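Taken together, the values in this text are just the output of simple stated rules run on the coordinates, not laboratory data. Since the model is a prediction, treat every value here as computed from it, not as a measurement. Cβ placement follows ideal geometry from the backbone for every residue including glycine, while neighbour counts extend to all protein chains displayed.
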Amino acid sequence: TYVVTEACIKCKYQDCVEVCPVDCFYEGENTLVIHPDECIDCGVCEPECPAEAILPDTEPEAEQWLEMNREYAEKWPVITRKGEQPADADDWKDVPNKFQDHFS
Ligand code: SF4
Ligand code: F3S
């Protein structure tokens with residue numbers, strides 16, 4: 001499966017949503033997650049993300065986000081179309097360690 005990492009937080013560009021063939025993205029206030037059981041591993045979302053937030057879970061830095069993606073994909077509503085991105089999305093693009101203070 002592919003996972004959304006903390007690089008998405010407060011960027012939430014949503015370009016990923018537009019290309020996913022199985023609509024397995026789920027939307028929180030500040031970030032999206034992928035449902036690991038629904039992702040078919042096609043990989044088309046990975047290069048679409050301007051924040052480089054999407055990685056296959058085989059990547060060492062992605063593994064830690066897998067359970068978070070699963071947990072919130074069960075709680076949040078599905079998102080099938082790109083909405084408005086945050087006005088300050090670009091300001092958050094290269095900010096590290098966003099999960100602790102900005103996840104919601
Ligand atoms: Fe959707 Fe494919 Fe990305 Fe999985 S890898 S989330 S199926 S676009
Ligand atoms: Fe997030 Fe990137 Fe999608 S910033 S909403 S994973 S395009």
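Rounded to whole Å, give me the distance from the Cα center of the range 1-22 to that of the range 41-104.
Their Cα centres are 5 Å away from one another.
Spit out the partnerless Cys residues in the chain, using Cβ distances under 4.7 Å as the pairing rule.
Cys8, Cys11, Cys20, Cys24, Cys39, Cys42, Cys49
In a shell of Cβ-Cβ distance under 14 Å around Glu67, excluding Glu67 itself, what net charge do Lys and Arg (+1) and Asp and Glu (-1) give?
Result for the local shell: -4.
With the Cα gyration tensor of the range 2-80 giving a ≥ b ≥ c as the square roots of its eigenvalues, does the rule (a/c under 1.5 for rounded; else a/b larger than b/c for prolate; else oblate) give rounded, prolate or oblate?
Verdict is rounded for the range 2-80.
Could you work out the helix-only [θ] at 222 nm for the chain, with each DSSP H run of four or more residues adding -39,500 (n - 2.57) and the total divided by the number of residues, to the nearest 500 deg cm²/dmol?
Numbers: 4 runs with 23 residues, N = 104.
The per-residue figure over the chain is -5000 deg cm²/dmol.
If we count other beta carbons within 10 Å of each Cβ, what is the order of Lys10, Lys75, fewest first?
Ordered by Cβ neighbours within 10 Å, fewest first: Lys75, Lys10.
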